[in-house]
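The values are calculated or read from the model by the stated rules, or taken from the named source; none is laboratory data. As the structure is a computational prediction, the values presented were derived from the model and not from experiment. Cβ sites come from the backbone with ideal geometry, for glycine too, and all protein chains shown count toward neighbours. Accessible surface is based on the protein model in full, side chains and every heavy atom, while ligands, DNA and RNA are left aside. Shrake-Rupley method; radii C 1.70, N 1.55, O 1.52, S 1.80 Å.
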Amino acid sequence: MDARSIIASLTDRFPEDIYDADVESDIRTVAKVKPENVVDVCRYLKDELSFGHLCCEFGIDYPDRNEIEVVYTIGSYEHPVVLNMKAVLPRDDPQIRSVVPVYWNANWYERETYELFGVEYIDHPNLKQLVLPEDMLGEWPLRKDYKGYPNKTAKNLV
Amino acid sequence: MDEVEEREKVEPKIFDKIGYDDIPGVVMTDTSAVSDFLKKTKVQNVLNWGRKNSLWFMVNAMGCCGVELLATGMAHYDTDRFGIIPRNSPRHADVLIISGYVTKKYLPALKRIWDQMPAPKWVICFGDCAISGGPFYESYSTHQNIDEVFPVDVFVPGCPPRCEALIQAFVELQKKIEAKKDKGTDY
Ligand code: SF4
């Protein structure tokens, strides 16, 4: 399967949910997905299109567009194509279904995206902070408008 | 149980009778005389001499500087000749080396290690991160100005400083202890 046929198959199967799909090169594809159906899309990707490897999942904050994007980078062991799939969420209340039932390794990625961006994953088996201390939850430090950086210059700056 | 209680009742009486306080040359340990004797007379010089020559440090590798800290303790630099020995338990250690960035999450654990170390104890800030935050100095997760939390005696700049720099830090610390200028001992 090459990149073009993968994108074609994906848009044919989910005409409602997949938009802005594009083939960037022979090995790179991008697509946007409606947040409600991300689990179904992921299941189809894994079962039918042999995208078996969720390489990464993270968030991007766009304060001026008032959006948070969750990006899934999904690779495959069968073919050389990598898919960058994005789900656009509202910044005030970012909620999306967890893809842990499909890709089990999304567990920690989602916990990290939760603690750094505040994206709430519905049906996540264990949604709590990953590495941040517990009392920093709610600060969402990787959002662009985060104000909690040390505001006094370090005294001993060398 | 009864026996113990009885003895406790009896003992004060015996002490009253004998009156250790009166015997010349005998100092009761429950008075401040012992600590005064240790802290304020020339005995302190002897103690300090002993302390400065056995600065066992806590092996607490925190950042990438921790690697230099570990290397310093190994055979190549042979710090044993200065009496500087790596210890794995805070209860054996005299020197806490803050060797890297202190994250907000790690600070409570570091404080706990510090509290477990028996006095007298000293702190060395090893590396830019421990001094000011270094490359991470404006990070959301690091704690700045660690010297407001611990009584730091020696700062070693560098990213990372070399092992020789750590040995020099120990030598500086020894000089400070000898001059009674250190913050670790309560004089
Ligand atoms: S000072 Fe440099 S080498 Fe040391 S912990 Fe910080 S970044 Fe790492």
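Annotations for the structure displayed:
- Across region A:90-96, computed HN-Hα scalar couplings (Karplus, 6.51 cos²θ - 1.76 cosθ + 1.60, θ = phi - 60°) run x, 6, 6, 9, x, 10, 8 Hz from first to last residue, x flagging Gly and Pro.
- Debye equation applied to the C-alpha atoms of chain A, log10 I(q)/I(0) at 0.11, 0.15, 0.20 Å⁻¹: -0.47, -0.80, -1.24
- Region B:108-122 - phi-based ³J(HN,Hα) in whole Hz, Karplus 6.51/-1.76/1.60, Gly and Pro as x: x, 5, 5, 4, 5, 4, 4, 5, 7, 7, x, 6, x, 9, 10
- Burial order of peptide ranges A:11-24, A:33-46 (average beta-carbon count within 10 Å, highest first): A:33-46, A:11-24
- Label point at residue A:144 placed 7 Å out along Cα→Cβ; residues across region A:71-114 whose backbone nitrogen lies under 18 Å: A:71, A:87-94
- Tilt relative to chain A, helix A:38-47 - C-alpha long axis, 0 to 90 degrees, to 10: 50 degrees
- Karplus-based coupling profile of region A:48-65, in residue order and whole Hz: 9, 9, 6, 8, x, 10, 7, 6, 6, 8, 7, x, 10, 9, 10, x, 6, 8, with θ = phi - 60° in 6.51 cos²θ - 1.76 cosθ + 1.60 and x standing for Gly or Pro.
- R0 of 22 Å, Cβ-Cβ distance residue B:82-residue B:113: FRET efficiency to nearest 0.05: 0.45
- Simple spin-label estimate for residue A:8 and residue B:42 gives 9.9 nm between the two label positions (7 Å along the Cα-to-Cβ direction from each Cα).
- 19 Å cut-off, amide nitrogen to a point 7 angstrom out along residue A:50 Cα→Cβ, residues in region A:57-95: A:74-84
- Equivalent ellipsoid dimensions for region B:54-178 as semi-axes, Å, which come from the Cα gyration tensor, largest first: 21, 16, 13
- Distant alpha-carbon pairs in region B:68-126 (separation over 16 angstrom), percent: 49 percent
- Extension gain (nm, one decimal) between residue A:66 and residue A:20, 0.36 nm per residue minus Cα-Cα: 14.7 nm
- Between the Cα long axis of helix A:106-117 and the first principal axis of chain A there is an angle of about 40°, rounded to the nearest 10.
- The accessible area of residue A:115, taken with all protein chains in place and a 1.4 Å probe, comes to roughly 0 Å².
- Count, lysine Cα pairs under 28 Å in region B:54-178, 8 or more residues apart or across chains: 7
- Taking the helices alone, chain A has a mean residue ellipticity at 222 nm of -6500 deg cm²/dmol, built from -39,500 (n - 2.57) per DSSP H run of at least 4 residues and averaged over all its residues.
- Here the label points at residue A:134 and residue B:181, each 7 Å from Cα along the C-beta direction, are separated by 4.5 nm in the simple model.
- Other protein chain Cβ atoms within 10 Å, averaged over every residue that makes up B:124-132: 2
- Cut-off 10 Å between beta-carbons: net charge of the residues surrounding residue A:57, Lys and Arg +1, Asp and Glu -1: -2
- Cα gyration tensor category, rounded, prolate or oblate, for region A:60-139 with a/c compared to 1.5: oblate
- Folded to 0 to 90 degrees: helix A:3-13 orientation relative to chain A principal axis, Cα: 90 degrees
- Cα-based radius of gyration for the protein assembly as shown, normalised by 2.2 N^0.38 Å, reads 1.52.
- Restraint check, B:39/B:181; A:34/A:144; A:46/A:128, Cα-Cα greater than 18 Å: A:34/A:144; A:46/A:128
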